[in-house]
1. Within region 95-114, can you find the residues that are closer than 30 Å to residue 59 by Cα and assigned to a strand (DSSP E or B)?
2. Would you confirm whether or not region 63-70 contains a residue that is surrounded by fewer than 15 Cβ atoms within 10 Å (Cβ to Cβ) and under 23 Å from residue 22 (Cα atoms)?
3. Only one residue in 39, 6, 14 is in contact with a Cys (Cβ under 6 Å, 6 or more places away or on another chain), within 24 Å of residue 126 (Cβ to Cβ) and touching a residue at least 24 places away in the same chain (Cβ under 8 Å), so which one is that?
4. Would you check if there is a residue in region 3-14 being outside any strand (DSSP E or B) and buried (at least 16 other Cβ atoms within 10 Å of the Cβ)?
5. Going through region 15-47 one residue at a time, which ones are exposed (fewer than 15 other Cβ atoms within 10 Å of the Cβ) and farther than 17 Å from residue 94 by Cβ?
6. When you go through 11, 35, 72, 48 one by one, which is the residue that is on the phi > 0 side of the Ramachandran plot and at pLDDT 95 or above?
7. Just for region 82-135: of the residues that are exposed (fewer than 15 other Cβ atoms within 10 Å of the Cβ) and aromatic (Phe, Trp, Tyr), which one is modelled with the lowest pLDDT?
8. Consider region 51-91. How many of its residues are assigned to a loop (DSSP other than H, G, I, E, B) and within 15 Å of the chain's Cα centre (by Cα)?
Amino acid sequence: MQAHPLRLSPGDDLRVALDDVLRQFKVQAAFVIQGIGSLSVAQLRFAGNDHPTELCDDLEILSLAGSLSSDGAHLHMSVADSRGRVLGGHVARGCVVRTTAEILLALLPEHRFSREYDLSSGFMELVIRNEPPRE
């Protein structure tokens, strides 16, 4: 496991930036251990909904965690709006960094994550495989 701290800048798309890290480091598996910061726009898909909801406000990221693979991410985030109300859900593309986002990733070069359909859940679920590091 390789710890990798990451800082995103104003205007960055949170989800796109995290996907880029996998390509940059040529790894197939990573976990977002934690993230904090601020957003001007959050795209969150709430439980039981098929599409994300757009939140536009001065938003504080209270928590960000999940798994990253080359064929999909599973990220959850909670944010507080300017009135202190907290919402959370699945992170979609289109979350725009307002001032900063500070994220700690655990890169797992010895593993390969993929998402495959699971009959029991009816969703694309994480599949974990051991894979020797690439030279």
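1. 96, 97, 98, 99, 100, 101, 102, 103, 104, 105, 106, 107
2. Yes, there is a match, as at least one residue in region 63-70 is surrounded by fewer than 15 Cβ atoms within 10 Å (Cβ to Cβ) and under 23 Å from residue 22 (Cα atoms).
3. 14
4. yes
5. Answer for region 15-47, where residues must be exposed (fewer than 15 other Cβ atoms within 10 Å of the Cβ) and farther than 17 Å from residue 94 by Cβ: 23, 24, 25, 26, 34, 36, 47.
6. None of the others qualify; the one that does is 11.
7. 123
8. 3
The values are calculated or read from the model by the stated rules, or taken from the named source; none is laboratory data. Please read these numbers as outputs of a predicted model, since none were measured by experiment. Quick reminder, even Gly has a Cβ in these numbers, built from the backbone with ideal geometry, and neighbours come from all protein chains shown.
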